[in-house]
1. Suppose a student asked you for the relative contact order of the stretch A:4-146, using Cα pairs under 8 Å spaced at least 6 residues apart; what percent would you report?
2. Could you check the spin-label model distance between A:ARG279 and B:ASP72? Points 7 Å from the Cα along Cα→Cβ, value in nm.
3. Running a GNM on chain A with Cα contacts under 10 Å, which residue among A:GLY82, A:GLY116, A:GLY61 ends up with the highest mean-square fluctuation?
4. For a Förster distance of 25 Å, can you work out the FRET efficiency between the beta-carbons of A:VAL218 and A:THR197, rounded to the nearest 0.05?
5. Is the shape of the stretch A:116-157 best called rounded, prolate or oblate, per the rule: a/c under 1.5 gives rounded, else a/b larger than b/c gives prolate, else oblate, with a ≥ b ≥ c the square roots of the Cα gyration tensor eigenvalues?
6. Would you mind ranking B:THR56, B:THR50, A:THR6, A:THR15 so that the residue whose beta carbon has the fewest other beta carbons within 10 Å leads the list?
7. Would you calculate, for chain A, the mean residue ellipticity at 222 nm contributed by helices, counting each DSSP H stretch of 4 or more residues as -39,500 (n - 2.57) and dividing by all residues, to the nearest 500?
8. Running a GNM on chain A with Cα contacts under 10 Å, which residue among A:ALA237, A:ALA68, A:ALA25 ends up with the highest mean-square fluctuation?
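Readers should treat all values here as calculations from the given coordinates under stated rules, not as data from a laboratory. No experiment lies behind these values; they were computed from the predicted model shown. Please note: Cβ atoms are built from the backbone with ideal geometry, for glycine as well, and neighbour counts cover all protein chains shown.
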Amino acid sequence: MTRALTVLATGPLTTVQDTGRPGQAALGIGRSGACDRASAALANRLLGNPPDAAVLEVTLGGLAVRAAADLLVVTTGARCAGAVAHDAPAPLRAGEELRLGVPTSGLRTYVGVRGGIDVPPVLGSRSTDVLAGLGPPVVAVGDVLPVGTSPLPLPGVDLAPVADPPGGEVTLPVLPGPRADWFGPSAWATLTGAAYTVTSDSNRVGLRLDGPALQRTVPGELPSEGMVRGALQVPPAGTPVLFLADHPVTGGYPVVGYVVDDAVDRCAQLRPGQLLQFRAAPG
Amino acid sequence: MRLLPSGSTALLVELDDLDDVLALYAALAGRPPVGVVDVVPAARTVLLVTDPARTTLAAVAAAVRTTAPRPDARAGGDVVELPVHYDGADLAELAGLLGTDPAELVHRHTGAEWTVAFCGFAPGFGYLTQDGGGWDVPRRPTPRTRVPPGSVALAGGFSGVYPRASPGGWQLIGRTDVAVFDLARDPAALLRPGVRVRFVPRGQSRDCGPSGGVVAAP
């Protein structure tokens, strides 16, 4: 029997993701990869997959797949109603279906399968980069996603004791960015004191936020410069954009601060309407 | 050289000008410090992205400070020849804006070699600078919503080739049939930092191969 998952429903957005394409940013090719790296890595660990195996990243639930062979699956990240395999690997027998409801909290659910999603890699990765238009196509109803095999033993873990992404207000540690000095001290106080709301035009590129604008003290244009995920870039309107996995490789607006890298995974689980607060991290 | 904080995993090195960027990038890209996964040149900066499991920002900063720039690197890159139809939508207007005529603008564009300084905006989009410089081209007041793939364009002190259809605000002076970004080719990106480019008016290309675009050793 062919090891594969047949896609019956996708929810708002399902993509294939792995650890991305590091090492090619100098060619204008961003890293991309799973938005919540820790949750994707957990899925692979629980299944005994290599760390770079590809998983499905499901945005706001709604995915349904049918196994074409006996498979072992797990979901991590945002917990969805109907997912019996959350943080705990479970068999999905040939012909059985996995149907994800809407998560109670959090935004992105990772569906891992032992052996990994085995679509052809593009430039060394199976990640879909929605900004660059690189990688496998967005997952669509009717797709038959091939599943590979893993050379590693099963870890024999029944359940990972991981807290679900929080539904309420989230506090995120920030460090000053390369252009913090383009803003006055009061802007930093505003950034680390006020609350911001995640807006609905957020995506894998970044979170657009609602909240107090940050005033610049240095006018003029910034020549484009490189950035990584977690960057808080400030366009002329003054409200920061928090960049996630598919951020542009370079940008021409000043970066006032950076969310500490480990905490960017939590940003990837924030839903539109959710409140967040930035707090200065111990430098 | 100024080292600027860029979060918990990256370091931004700010330099005086593009020549310094090219020289430092050439040295770092050739021998990246341990634990550096990406070296990203831009107009005035080089970003070093680290794997925090393998190094610290302090160690990378120390390595950057002791790296000897390679100002000689500009002369050593591969050479790419790009045949261009100089029939861009903005050619005549831009020539007027620069106080010249289309023929003279094309002559200047093709007359001296360009070097890919850095990439960005889209996969395989290179920012090219001409040896000798002298270009100062304003962007279009209103960006186009769709620039056709292969468009050869100018803005600021740079020339570039749009790898695929995209929005864009640069002045379009022509188009090339060469795919500057092609996933079926290795490497996919033709215009990598350090690569030297010669634009040739279509019809005068000396030895354009079947795939277009000639990559020759200098």
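1. Answer for the stretch A:4-146 is 34 percent.
2. A separation of 5.4 nm, rounded to one decimal place.
3. Its mean-square fluctuation being the largest, the pick is A:GLY82.
4. 0.35
5. Working: a/c = 2.56, a/b = 1.77, b/c = 1.45.
It is prolate, given that a/c is not under 1.5 and a/b is the larger ratio.
6. By the 10 Å Cβ count, ascending: B:THR56, A:THR6, B:THR50, A:THR15.
7. Working: 3 runs with 25 residues, N = 283.
Computed ellipticity for chain A at 222 nm equals -2500 deg cm²/dmol.
8. Taking springs between Cα atoms under 10 Å, the residue moving most is A:ALA237.
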